[in-house]
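I have placed the structure first, in the form of C-alpha cells, so that the comments after it can refer back to it.
A short reminder: the numbers here are calculations on the coordinates, not readings from a lab. Fair warning: this is a prediction, and the values are worked out from it, not measured in the lab. When we count neighbours, we look across all protein chains shown, and the Cβ atoms used for this are built from the backbone with ideal geometry, even at glycine.
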Amino acid sequence: MGRERKRLTTSRVDRIIHRKLISNRRMAASNMALDLKNNYETSISPQTIRNRMHEIGYRGCVARKKPLLKKSHRRKRVLWAREHSFKSKEFWNSIL
C-alpha cells in the first residue's frame, strides 16, 4: 500500500475553520481563505476549506424561497383568528 498524501492543514487551522463556520455559516470558502491568509498567514485554497467543511459535517445548501404574504392572506389570517378566538381550551387541547 502506498502512503497517504501529507495533510495541508494542521489541527489548529482545522479548529480555526470550524470556529469560523460556527460564527458565520454563510461565509464563502473563498472569503474564508482570504481571511485565513490575512489574519493567520496560512495560504489555503478555497477547495481545501470546502474539504474541511465536508469533514466537519457541513454541507452546502441554498435557503428555500418563501413567498411573501399578500394583503388578502393577512386578511384571511385575521378573520380566521377572530372566528376561532372564542373557542374553549378543550377544543385547542384536542388540536394541539
Exposed-loop-free span, longest in the chain, where GluC sites (Glu not before Pro) count as exposed if DSSP calls them loop and at most 10 other C-beta atoms lie within 10 Å: 42-96
Those lysines that a straight Cα-Cα span of less than 27 Å connects to LYS71, excepting residues fewer than 8 apart in one chain: LYS87
Can you give the calculated 222 nm mean residue ellipticity of the chain, where each DSSP H run of n ≥ 4 adds -39,500 (n - 2.57) and the sum is split over every residue, rounded to the nearest 500 deg cm²/dmol? -18000 deg cm²/dmol
Taking the reciprocal of mean 1/r across every pair of different Cα atoms in the range 12-60, the Kirkwood radius in Å is 10.5 Å
27 Å Cα-Cα reach of LYS6 towards lysines, excluding residues that sit fewer than 8 places from it in its own chain: LYS20, LYS37
Could you work out the percent of alpha carbon pairs in the range 52-96 separated by over 13 Å, rounded to a whole number? 74 percent
Treating the beta-carbon of each Lys and Arg as +1 and of each Asp and Glu as -1, no other charges, what is the dipole magnitude of the range 11-56 about its Cα centre, to the nearest 20 debye? 160 debye
Checked against the positive end of the charge dipole of the range 11-56 (+1 on Cβ of Lys and Arg, -1 on Cβ of Asp and Glu, about the Cα centre), the farthest of MET53, SER23, SER43 is SER23
Test of understanding: given the chain, find the longest segment containing no chymotrypsin sites (Phe, Trp or Tyr not before Pro) that are in a DSSP loop and have at most 15 other Cβ atoms within 10 Å. 1-57
Roughly how big is the range 16-96's charge dipole about its Cα centre, with Cβ charges of +1 (Lys, Arg) and -1 (Asp, Glu), in debye to the nearest 20? 760 debye
Which length gain, in nm to one decimal place, applies between GLU83 and LYS71 when the Cα-Cα distance is subtracted from 0.36 nm times their residue separation? 2.5 nm
Percent of Cα-Cα pairs more than 21 Å apart in the chain, please. 58 percent
If R0 is 41 Å, what FRET efficiency do you get for ARG25 and GLU4 from their C-beta distance, rounded to 0.05? 0.85
